[in-house]
Amino acid sequence: MSLSSQTRSKASSTRPSISSSSQDSSSISSFSYPDDLPDLKPLPQGHAPLACVDPALAVPFDMSILTISHKRDQTSIKAVIVGGGIAGLAIAIMMELAGMEFEILERSTGDEPSMGCSIAVGPPVLRLMEQLDLLPQIEQASKVITGLTIVDGEGKRMGRVDGVDEDRYGYPLRVMTREAMCQILLSKVSKKHLHRGKLVVETLQNSNGVSCKCSDGSTYYGDIIIGADGVHSLTRERMYLQLKEQRRLPDVDMEPSCYEHLAVGGISAPLDKNVYPTAHDDTAEVHIVYTKDAPYTFWYLPVADNKVAWGITSCPDPKYKYHSYSHLHYNPAVQDSQKSLTFSASGVTRPAGSRARASSRMREHSQSQIHDDWMVPSRIDIEANFKDLLDKRCAMGTTTIRDFVAQTPKKAISMVDREERLYKTWHHGRIVLIGDACHHHLAIGGQGAVQSLLDGVCLVNLLYEMEYNTPSEIAKAFKKYQSKRSGIAKASIDESTLTEKIFHGQGFMAGIMRKFMFNTVWSFNMRNDKFNNNRPQLSFLPFVEDRGASKANRQKASARLSGNMAFAI
């Protein structure tokens, strides 16, 4: 379905027109806050930038930022989006279709090597992409996943699960590279609203609006801040510091992060058809190499352009990250075993003892720094750490795994530490978090990116319903957003945890779980229905026809639309 400019104008024209007015620019030190925003206290004149990544990067703090006063229509919304990845770009596209303003602040310059691995997009995302008129590009840059097969070291099949039933949900499950998804979203975003090389070092808010100050001295203003800056969100860091200062941050959100999963992955160069014939197929089969006695698992599958996406999931010694808003001495490992901790200058802590399941070859690496950025090339020596794995036969061709891993440019191999976590606090005042910034998934199928897209649909729909951009209306929308999304996000985290145990787990129980899954198709379909029937749409645009036999969850068109513009799902 093509979205014409007429359709876009209809979405924005439903809002009443109120002339823009300039807000009072008196000093915030003497500003009196209204009753609907009692939690935003005036900041002292000696206030320093909160949670600055590196104090050396921060320019001298300009107190004039505290007089946030940008001209705006009281019925419009302007968002400062921190993060220009999949989450930030997608919500920007949706906001533009809703007639809302935005500025995207992305810390990368665009000159970095392509990083990240693959992402699986199923019916919930594909129906949204069709509504955004992006489905043809997605289909061209992806392959349909036919199924998932577990093989042993000799390439012998141990079990298989079929892919998503297209007739049942209207769409199949597709795989594509993260880079391809980002490029498709970028093609829809106006370049004048995307600002690269912008490291946000300070976020402020008052009853007039918000501001984000960057390390280069530039400042951006708006009505709300959307933190789409990932697992290690600096937007969350600053927001939590403010809440902690007010003694309003829940204890559960002050716990340090515990990283027990290490993900290494990359995308190979185009492969020779004579050696890897299935890499040239139009469809893709996921293969997981089961390593019975090793604390890691290897997976791979073909992607577009005759390349192969691959990844290693490892469970080394747990690593703990102490946040500036964390409990000073809290650590679950200490409470459970009373073992001492060692602290490093980087704020990372680890138990003095090691997990028995951690392999000696990974121990030295796991006790080093936490890897928190897909954009930083991996420094791990794959040959030295996973030699036995690389010697195993590749089920896609006639060679070993080593051969196509060796054809992956070293600068394009990434490594990140991951944890599973659902934060309790998603918003405060005019600041709200989406995606990995408020719920962490394991690096399985790109679920973090998928859930961030669904967060965006929900949030933009609620912002569109607001008649005025007052603090109280914004707070109601943010509260409703978390209420709608937190349960689904938790279920998705639980599902990724179960998937990790089934496909990557070791021991007797993991084997039982695999056998149950491979032999009970009805159970697998029930779990698929739970997630794939959640196929949300932007409520202010015409809904895409629901072509699935298993119908999508019911959704109403926006209440702001006139009667002749109501759409049935």
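A few points about this structure:
- D403 of a type outside the set (S, T, N, Q), within 26 Å of I312 (Cβ to Cβ) and surrounded by fewer than 23 Cβ atoms within 10 Å (Cβ to Cβ): yes
- Hey, L186 open to solvent by 30 Å² or more (accessible area, probe 1.4 Å) and more than 30 Å from E467 (Cβ to Cβ) or not: no
- Residues of the range 294-326 that are more than 15 Å from L390 (Cα to Cα), part of a strand (DSSP E or B) and open to solvent by 40 Å² or more (accessible area, probe 1.4 Å): K307, K321.
- Flag for Y276 being of a type outside the set (G, A, S) and either over 24 Å from P409 (Cβ atoms) or in contact with a Ser or Thr (Cβ under 7 Å, 6 or more places away or on another chain) (or both): no
- For first residues located in the range 229-244 and among the basic types (K, R), partners that are part of a helix (DSSP H, G or I) and open to solvent by less than 30 Å² (accessible area, probe 1.4 Å) and lie 6+ apart or on another chain with Cβ distances below 8 Å form the pairs R236/A437; K244/M254.
- Failed item in (1) buried (at least 18 other Cβ atoms within 10 Å of the Cβ); (2) farther than 30 Å from D272 by Cβ; (3) of a type in the set (S, T, N, Q), with S414 passing the rest: (2)
- Residue check for L249: within 30 Å of C394 (Cβ to Cβ) and either in a strand (DSSP E or B) or not hydroxyl-bearing (S, T, Y) (or both): no
Residue-wise test of (1) at pLDDT below 95; (2) closer than 18 Å to G84 by Cβ.
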position	(1), (2)
C182	yes, yes
L194	no, yes
V201	yes, yes
L204	yes, no
C212	no, yes
Y220	no, yes
T235	no, yes
R247	yes, no
E255	yes, no
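- Tally, over the range 222-276, of residues that are under 19 Å from the mean Cα position of the chain (by Cα), open to solvent by 20 Å² or more (accessible area, probe 1.4 Å) and of a type in the set (K, R): 0
- I184 being out of contact with any strand residue (DSSP E or B) (no Cβ under 7 Å at 6 or more places or on another chain) and among the β-branched types (V, I, T): yes
- The set of residues from the range 125-169 being assigned to a helix (DSSP H, G or I), open to solvent by 10 Å² or more (accessible area, probe 1.4 Å) and in contact with a Leu (Cβ under 7 Å, 6 or more places away or on another chain) comprises just one member, L135.
- Where D111 falls short, out of the listed (1) modelled with pLDDT of 65 or more; (2) surrounded by 18 or more Cβ atoms within 10 Å (Cβ to Cβ); (3) farther than 21 Å from D436 by Cα: (2)
- In the range 515-569, of all residues being modelled with pLDDT under 55 and assigned to a loop (DSSP other than H, G, I, E, B), the one that is least open to solvent (accessible area, probe 1.4 Å) corresponds to T520.
Conditions tested, residue by residue: (1) among the β-branched types (V, I, T); (2) surrounded by fewer than 24 Cβ atoms within 10 Å (Cβ to Cβ).
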{"position": "I382", "(1), (2)": "yes, yes"}
{"position": "T398", "(1), (2)": "yes, yes"}
{"position": "E419", "(1), (2)": "no, yes"}
{"position": "R430", "(1), (2)": "no, no"}
{"position": "V460", "(1), (2)": "yes, no"}
{"position": "E467", "(1), (2)": "no, yes"}
{"position": "E473", "(1), (2)": "no, yes"}
{"position": "K476", "(1), (2)": "no, yes"}
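- Pair list, Cβ < 8 Å and 6+ apart or interchain, from the range 485-497 residues that are on the phi > 0 side of the Ramachandran plot to residues that are not aromatic (F, W, Y): none
- Residues of the range 277-293 that are crowded, with 18+ Cβ neighbours inside 10 Å and farther than 18 Å from M181 by Cα: T278, A279, E285, V286, H287, I288, V289, Y290, T291.
The values are calculated or read from the model by the stated rules, or taken from the named source; none is laboratory data. Values in this document were obtained by computation on a predicted structure and should not be read as measured data. We place every Cβ from the backbone using ideal geometry, glycine too, and count neighbours over all the protein chains shown. Side chains are part of the model used for accessible areas, which takes the heavy atoms of the whole protein and leaves out ligands, DNA and RNA. Shrake-Rupley method; radii C 1.70, N 1.55, O 1.52, S 1.80 Å.
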